[in-house]
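Below is one structure, written out as C-alpha cells; comments come after it.
The values are calculated or read from the model by the stated rules, or taken from the named source; none is laboratory data. The shown structure was predicted, so the numbers you read here are calculated from the model rather than taken from an experiment. Here Cβ is always computed from backbone atoms with ideal geometry, including for glycine, and neighbour counts include all displayed protein chains. Heads up: the accessible areas ignore ligands, DNA and RNA and are worked out on the full protein's heavy atoms, side chains in. Shrake-Rupley method; radii C 1.70, N 1.55, O 1.52, S 1.80 Å.
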Amino acid sequence: MSIEHSKHQSWAEELLPVPQHLVGGDWSASATGGSRPHVNPSTGDVQATIPMSAGSEVDDAVAAAKRAAGPWRDLAPYERQALLVALARLVEKNGSQLARILTLETGLPLSLTEVFSVRGADVLEYNASVAATMQGQVIQVDPARSLDYVLPEPYGVVALIMTWNGGLSALGRKAGAALAAGNTVVIKPSEVAPFTTVRFAELAIEAGFPPGVINVVHGDGAAGDRLVRASDVRKVSFTGGVGAARKIQASAAVGPKPVALELGGKSANIVFPDADIDAAARSAAVGALYMSGQGCALPTRLLVHADIYEEVVDRVREVAAVLAVGDPLDPGTVMGPIITEGHLE
C-alpha cells in the first residue's frame, strides 16, 4: 500500500480543527483526564493531542446544557427550524472539507466520506422540517366533560455518545433530531475520531446556535459513564458495541432514564439459485469491503444455496480482487486501513 505521508501531513495541518471541549459556547483545552494522541490510521503519524475529561468538563457541559434548555425549548419552532437549515447549508458548503477531515481521522476512503457529508446535510434539513411540523393531539374521550390532549415535550438535556465511523451522517441524525424536538445536547465523540464533531460544533456556532445548546466533551468510557449518570441528563443516545451498551444501560438505570441504542447488525446476504449471480457477487464484495468491514450495516456474511455455492464464491473472489486497496485520500481507493492497531489485532 502506497501512502503519501506528506499529503496527509499537509492536509492535517490545514484542515484538522483543534480538539477542545465546547462548554456553554466557550472552547476549553482543560484535560483533567490527561491527554491522548490521535494517530492517523493510514500513516501511523500522531496528528494531534486530545484533551480528555476525568469529570469536571462533563459536569460543566451538562450544567451549560441545562441552563440553555429552557430558552431553547421555548424558542418558536420556526426559529429552531431556521437554525437547523442554516447548519445544513454550512455542512453542505463545507462538505469537501468535512469529508477530508473524516478520512484523516478514521482512514475511511474519501469516496465514502464525501457521501457521509452529503447525508449529514440532508438529515439536518429533514430534521429542520420536523421542528416546524411537530404537533400535539386532541383526544376525543368525553368532549362534553373533559378536554384530553397530548403535547410533545422535550426531555431537556440529551447525551449523544458517538461511534467513530458515522461522521456527519450520524451527527446529523442524532443531534438534528434532538435539537429539532427542543432538547439541548452534550456530544461525546469517540476518542479515536474527535475532529468531525469539533468541526460540526464550529459550524453550529457559525450558524447562530445559542451558547450551551450544543456542547462537546472528549474522553473515554469513564467520561461517557459520568455523562450517562449525570442527574440532569434526561435521555441517552448511544451508537457502538454491545459491551459498552450494557454498561450504559446499567448506569442509566440509576436515573432511571431512557436509552436509545444503535448497535451492530451485520446481517447476512442470502443468495438463492434464481438470483442474479453477478449482481449478488458485486453487492456482497463491495458491501462487505467498502469500509474494510467496519460498519454496523455491512453484509459481511453470505448464506448461499448449495447448488450455486462454488459459482458465487468464484464471482465474489473475482470482484474482490479488483477492488482498489490503498491511500484513502486517493479518490479511487475502496479499502483503506483499519481504524486503530487494536482493532487490527
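Listed by position, the helices (runs of 4 or more DSSP H) enclosed by segment 273-345 that each have at least 3 residues that are in contact (Cβ under 8 Å) with a residue 12 or more places away in the chain, under 30 Å from residue 39 (Cβ atoms) and under 33 Å from the mean Cα position of the chain (by Cα) are 277-289. Among the residues of segment 109-135, the ones that are open to solvent by less than 40 Å² (accessible area, probe 1.4 Å) and either without any contact (Cβ under 8 Å) to a residue 40 or more places away in the chain or touching a strand residue (DSSP E or B) at 6+ places or on another chain (Cβ under 8 Å) (or both) come to 1 in all. Tally up the residues in segment 243-257 that are free of Cβ contacts under 8 Å to residues at least 24 places away in the same chain and open to solvent by 50 Å² or more (accessible area, probe 1.4 Å), please. Of the residues in that region, 5 qualify.
Within segment 198-223, the set of residues being open to solvent by less than 10 Å² (accessible area, probe 1.4 Å) and either assigned to a helix (DSSP H, G or I) or among the charged types (D, E, K, R) (or both) comprises 198, 200, 201, 203, 204, 223. Considering segment 35-69, and only residues there that are without any contact (Cβ under 8 Å) to a residue 24 or more places away in the chain and of a type in the set (Gly, Ala, Ser), the residue that is farthest from residue 3 (Cα to Cα) turns out to be 35. I'd like to check something: does segment 263-275 contain any residue that is surrounded by 12 or more Cβ atoms within 10 Å (Cβ to Cβ), charged (D, E, K, R) and closer than 30 Å to residue 155 by Cβ? No, segment 263-275 has no match at all.
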